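Peer 1: Pasting a structure below so you can have a look.
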Amino acid sequence: MTSSEKNQGNPPAPPPPKVTFGRRTGSGRYVRYSREDLESELGNVDFSKYVVQFPLTPDNQPMDVVPLDPAVSDKAVDGCDDKVPAAKTKATIDRRLRSMTWGAAGEFDYNQLLFETKGTYGYGNAIRAEEDEAGDGEDRGEPKDFVVKPWRPLTRKLKIPAAILSPYRLLVAVRIVALSLFLAWRIAHKNQDAIWLWGISIVCEVWFAFSWLLDQLPKVSPINRATDLSILKQKFESPSPSNPTAKSDLPSIDVFVATADPVKEPPLLTANTILSILAADYPVEKLTCYLSDDAASLLTFEAITEAASFASVWVPFCRKHRIEPRNPDSYFSLNRDPYKNKLRPDLVRDRRRIKREYDEFKVRINGLPESIRRRSDAFHASEELNASSVEPAVKIPKATWMADGTHWPGTWNIPAADNSRGDHSAIIQVMLKTPLDHPVFGGGGGGAVLDLSEVDVRLPMLVYVSREKRTACNHYRKAGAMNSLLRASAIMSNAPFVLNLDCDHYIYNSQALREGICFMMDRGGDRVCFVQFPQRFEGIDPSDRYANHNTVFFDVNLRGLDGLQGPVYVGSGCLFRRIALYGFDPPRAKNHHPLHMPSPDLSISSNTSKFGNSIYLLDSIPVTEYQGRPLADHPSVKNGRPYGALIFQRDPLDASTVAEAIKVVSCWFEEKTEWGSRVGWIYGSATEHLVTGYRMHNRGWRSIYCVTKRDAFRGKAPINLTDRLHQVLRWATGSVEIFFSRNNALFASPKMKFLQRVAYLNVSIYPFSSIFLIAYCFLPALCLFSGQFIVQSLDITFLIYLFVITLTVCLLAILEIRWSGIELEEWWRNEQFWFIGGTSAHLAAILQGLFKAVTRIKIHYTLTSKFSGGGDDNNVDDEFAELYVVKWTWLMVPPLTIILINLIALAVGMSRTLYSIIPQWSRLLVGVFFSFWVLAHLYPFAKGLMGRRGKTPTIVFVWSGLIAITISLLWVAIKPPSANSRIGGSFSFA
């Protein structure tokens, strides 16, 4: 009877076993995964090593290797497909093992085992080599190249360890309970001797508890994220049968850079930012840079022209040697060895040549103002000479002239009609044309600066834009400039993603754009409206006196928001989805309608009342929506696009396209449209970035916080006290404007999560804490003046509550430092400057916000000066010279008054206690403690007033002294001392 006849009537054989995969945990236990697990949510785990687990034999025992008799080698065995092949010799097995791939470090490449196989010979086969059909025992084949690869995500969440997060949440709950019990006890136990002190303190403490709760609740679910750039390259830039040359299938990105004043924002600073963008590690044909010059300055225009010329050698140099950072000013100012970990032997020679080219480039940039002035004077003299022969005499306005002998259409050095900062024509100039879609290698001839024979010398497209301005139109500052760029870029390049940078923020990590795109192209990325990067700053004093790094906000608050609906938009370093800026809702799995298909709510072609009268602009909307979709490479991607859809050559720009772009940046284009109200950057606030992000979250979009290992962007921050206070004033005023507008989070839609709404409410309400903070800062002085305290007596209950509340604050700060990675000094600096800002800029912001809400009068703000250095890098005094400059501002008066009042109160309180008949030391100690608490928070402010050599403006001390004396005399008039009071020995009040 044959084997097939014996098997008739028997139950079917079980399916062959599958190879399972797993990883070894820290305890030594193996966690197993099947291929289905890898394609599920477990794919978010970072498998740094794969361990192949071989299943046991059917009797649940380890399989024994038994030599087979060649005579029965063709006999069928249970558990195998058809038959067991003949036993192999030791040499054959060695050859088979050698056929597997080994890594460069001598480690076995476990990735080859990530597939399922049938049990062809024994259990747990991971790979099978092709054998000679003649059965001579020689292995002539190689392992099969398996086409099907497991799906892997581009990003993953890295949760905070429970050992840190659980105690953190528990402490938050404990402090909430402690604050509730403390406030209840304080309300129940009034101080009858000083009811007014008790009332002021109760109101302030209730507000502080409410404000702390608003700030703390959105931070209870922080998360970290990580990207995998190797998977991004594998998915979008790997060769395939349809793409043998591995052209990039990544979506395009338009980078917006904004500048508004060539004096406060030096052209050299802007040029370096442009150069870092052009040298970014992103497909050249997919990148376009737009510069918005809101001042329409010829100085900025010619500086960008020089930058485009210098980019022809700088960008290939960056690609050839893979240098970081790719801002030439920062690169040549590095304090570390620039040749470390660089393998090319010609780096030293190339760097020396590029350094010489950059020095010449800086000389040309710095000489542009004088060059433009001399040129304009020469042309003006020629015009006057020609006009002198005409009768009657004509007065020729002194124009600003371009190098080609024509009038500059923007702002002239001596303003004139139609050529001033607020009244000029629109200007669009393509500095670098659209690149080809294939690499173009340079040469290595004797006349070349560098040997670029193996380097792609293409440059991204660069466009200079200055929108039209007229005196009769409202231009809405930065928000209006960004909306003009949004429309112009839609006509000229129409990238589905937009990166927004300030002119002083350059790309510090050349792969930052790729990391941001990972979140947009990952599963679920079509619901992400923007990816916010943290802002990092250079040129700040080592002690960070005024908390310019703002690490508590960027590393604590925004990480907490990332666990909710996403971080807020902070104004720069943000990668947007263009379709979200257009005011559309996020796609839904059930009722989403693609923009290129008929839909009752997305009638693009007839929606001119929303986007304006431009057919080019309207036609670009469905195109950018489609190009921004993630790849449809996973069953859960419901709104994806096929691979290869973005592999095409962009059409070159023609005259009609540029003319249409000029049209959409005119000052009249936004009339009777929804630009600024529902579309683009939102108008009506000094902090337009907050309102713009709020509107997106309110429509149901979510955002992502991307913290890269190497800082993505770096910029400049004002280290001068006056500039820093004015910056905080502008932010706080914008928050007050939001509170008194329809963008208040109290009116948010149900699409916004509750804790996200709490976070936005805190953003708009935090300036009002200054009223209660200033009142609380005067309480210690009032206690010392009066000899009373906020409680009737210092009993044990009050001290226990005070100890518990203080202890929980300290423990929460320690845990925040643990899960965020900030330092204790940074946390303390943030507390100090919150105190300084709350007693100065925030109070002024409330007054300005109320004034604008009542009168509807526009408030003008001063642009923050970007200090670009200029001293010797090795001279610390010159590098931080701006730190010691003291400039008069009314914002300095309130905090200095608080300092003087508390110092006077300390002297009065100590004198009263020392010379009192019955000294009350306990009340003195408590009053002194709280006064020192106030003074410790204001110490950086007092140190800043001293300047480098104590050169504080006299008016500051005069006004502060007058206010302090007035308050002291007012107090004496309200409550004069008794006749038996003795202060200062025998001296007594009459």
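Peer 1: So, THR897, is that one polar (S, T, N, Q) and under 29 Å from ALA845 (Cα atoms) or not? Before you say what the answer is, go through the steps one by one.
Peer 2: Working: polar (S, T, N, Q): yes; under 29 Å from ALA845 (Cα atoms): yes.
Against the criterion (polar (S, T, N, Q) and under 29 Å from ALA845 (Cα atoms)), THR897 qualifies.
Peer 1: Residues in the stretch 645-657: is at least one assigned to a loop (DSSP other than H, G, I, E, B), modelled with pLDDT of 90 or more, of a type in the set (Gly, Ala, Ser) and open to solvent by 30 Å² or more (accessible area, probe 1.4 Å)?
Peer 2: No, there is no match, as no residue in the stretch 645-657 is assigned to a loop (DSSP other than H, G, I, E, B), modelled with pLDDT of 90 or more, of a type in the set (Gly, Ala, Ser) and open to solvent by 30 Å² or more (accessible area, probe 1.4 Å).
Peer 1: Residue check: is PRO439 surrounded by fewer than 16 Cβ atoms within 10 Å (Cβ to Cβ), over 21 Å from VAL664 (Cβ atoms) and not charged (D, E, K, R)? Outline the logic, then answer.
Peer 2: Numbers: surrounded by fewer than 16 Cβ atoms within 10 Å (Cβ to Cβ): yes; over 21 Å from VAL664 (Cβ atoms): yes; not charged (D, E, K, R): yes.
Criteria met by PRO439.
Peer 1: Right, something else. Which of the residues that make up the stretch 156-182 are assigned to a helix (DSSP H, G or I), more than 14 Å from ALA813 (Cα to Cα) and open to solvent by less than 30 Å² (accessible area, probe 1.4 Å)?
Peer 2: The first filter runs over the stretch 156-182 and keeps only residues assigned to a helix (DSSP H, G or I), leaving 162-182.
Then keep just the ones that are more than 14 Å from ALA813 (Cα to Cα); that gives 162-163, 166, 173-174, 176-182.
Passing the criteria: ALA178, LEU179, PHE182.
Peer 1: Taking the stretch 831-842 as the region of interest, how many residues are surrounded by 21 or more Cβ atoms within 10 Å (Cβ to Cβ) and assigned to a helix (DSSP H, G or I)? I'd like the intermediate steps shown before the answer.
Peer 2: The first filter runs over the stretch 831-842 and keeps only residues surrounded by 21 or more Cβ atoms within 10 Å (Cβ to Cβ), leaving 833, 835-842.
This time we only want the ones that are assigned to a helix (DSSP H, G or I), so: 833, 835-838, 841-842.
Summing the residues that are surrounded by 21 or more Cβ atoms within 10 Å (Cβ to Cβ) and assigned to a helix (DSSP H, G or I) in the stretch 831-842 gives 7.
Peer 1: Go through the stretch 606-644 and count every residue that is hydroxyl-bearing (Ser, Thr, Tyr) and in a loop (DSSP other than H, G, I, E, B).
Peer 2: Residues of the stretch 606-644 that are hydroxyl-bearing (Ser, Thr, Tyr), as a first pass: 606, 608-609, 614, 616, 620, 624, 626, 636, 643.
If we keep only those that are in a loop (DSSP other than H, G, I, E, B) as well, we get 606, 614, 636, 643.
Residues meeting the conditions: 4.
Peer 1: Looking only at residues in the stretch 447-504 that are of a type in the set (D, E, K, R) and under 17 Å from VAL658 (Cα atoms), which one is most open to solvent (accessible area, probe 1.4 Å)?
Peer 2: Here is the first cut: in the stretch 447-504, the residues of a type in the set (D, E, K, R) are 451, 454, 456, 458, 467-470, 477-478, 487, 502, 504.
Filter again for under 17 Å from VAL658 (Cα atoms), leaving 467-468, 487.
Values: ARG467: 17, GLU468: 33, ARG487: 2 Å².
Checking each candidate, the answer is GLU468.
Peer 1: Do we have any residue at all in the stretch 820-830 that's farther than 23 Å from ASP723 by Cα and either touching a His at 6+ places or on another chain (Cβ under 7 Å) or open to solvent by less than 40 Å² (accessible area, probe 1.4 Å) (or both)?
Peer 2: Initial filter on the stretch 820-830 (farther than 23 Å from ASP723 by Cα): 820-824.
Checking which are either touching a His at 6+ places or on another chain (Cβ under 7 Å) or open to solvent by less than 40 Å² (accessible area, probe 1.4 Å) (or both) leaves us with 820, 822.
Yes, the stretch 820-830 contains at least one residue that is farther than 23 Å from ASP723 by Cα and either touching a His at 6+ places or on another chain (Cβ under 7 Å) or open to solvent by less than 40 Å² (accessible area, probe 1.4 Å) (or both).
Peer 1: Would you please name the residue that is most open to solvent (accessible area, probe 1.4 Å), looking only at residues in the stretch 559-588 that are of a type in the set (Lys, Arg) and not in a loop (DSSP other than H, G, I, E, B)?
Peer 2: Kept after step one, since they are of a type in the set (Lys, Arg), are these residues of the stretch 559-588: 559, 577-578, 588.
Then keep just the ones that are not in a loop (DSSP other than H, G, I, E, B); that gives 559, 577-578.
On the way: ARG559: 31, ARG577: 12, ARG578: 0 Å².
Filtering the stretch 559-588 for residues that are of a type in the set (Lys, Arg) and not in a loop (DSSP other than H, G, I, E, B), the one most open to solvent (accessible area, probe 1.4 Å) comes out as ARG559.
Peer 1: Can you work out which of the residues in the stretch 734-773 that are basic (Lys, Arg) and more than 21 Å from the chain's Cα centre (by Cα) is most open to solvent (accessible area, probe 1.4 Å)? Walk me through it before giving the result.
Peer 2: Taking the stretch 734-773 first, the residues basic (Lys, Arg) are 742, 751, 753, 757.
Checking the rest, the ones that are also more than 21 Å from the chain's Cα centre (by Cα) come to 742, 751, 753.
Details: ARG742: 156, LYS751: 96, LYS753: 107 Å².
So, considering only residues that are basic (Lys, Arg) and more than 21 Å from the chain's Cα centre (by Cα), the one most open to solvent (accessible area, probe 1.4 Å) is ARG742.
Yes or no, residue by residue, for (1) within 28 Å of LEU903 (Cβ to Cβ); (2) open to solvent by 30 Å² or more (accessible area, probe 1.4 Å); (3) out of contact with any Asp or Glu (no Cβ under 9 Å at 6 or more places or on another chain); (4) not hydroxyl-bearing (Ser, Thr, Tyr):
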residue: LEU784; (1), (2), (3), (4): yes, no, yes, yes
residue: ILE805; (1), (2), (3), (4): yes, no, yes, yes
residue: CYS810; (1), (2), (3), (4): yes, yes, yes, yes
residue: ARG818; (1), (2), (3), (4): no, yes, yes, yes
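Peer 1: Would you check which residues across the stretch 713-733 are farther than 22 Å from GLN216 by Cα and open to solvent by 50 Å² or more (accessible area, probe 1.4 Å) and list them?
Peer 2: Result: ARG714, LYS716, HIS726, ARG730.
Peer 1: Looking only at the stretch 658-691, how many residues end up being crowded, with 19+ Cβ neighbours inside 10 Å, among the β-branched types (Val, Ile, Thr) and outside any loop (DSSP other than H, G, I, E, B)?
Peer 2: Residues flagged as crowded, with 19+ Cβ neighbours inside 10 Å, among the β-branched types (Val, Ile, Thr) and outside any loop (DSSP other than H, G, I, E, B) within the stretch 658-691 amount to 3.
Peer 1: Across the stretch 397-430, what is the number of residues that are open to solvent by less than 40 Å² (accessible area, probe 1.4 Å) and touching a helix residue (DSSP H, G or I) at 6+ places or on another chain (Cβ under 9 Å)? First the steps, then the outcome.
Peer 2: Here is the first cut: in the stretch 397-430, the residues open to solvent by less than 40 Å² (accessible area, probe 1.4 Å) are 399-402, 405, 408, 410-412, 416, 419-420, 422-424, 426-428.
In the following step, the residues that additionally are touching a helix residue (DSSP H, G or I) at 6+ places or on another chain (Cβ under 9 Å) were identified as 399-402, 405, 408, 410-412, 426-428.
Qualifying residue count, the stretch 397-430: 12.
The values are calculated or read from the model by the stated rules, or taken from the named source; none is laboratory data. Please read all numbers here as calculations on a predicted model, not as lab measurements. Virtual Cβ from ideal backbone geometry, glycine too; neighbours counted across all protein chains shown. For accessibility, only protein heavy atoms count, side chains too; no ligands or nucleic acids. Shrake-Rupley method; radii C 1.70, N 1.55, O 1.52, S 1.80 Å.
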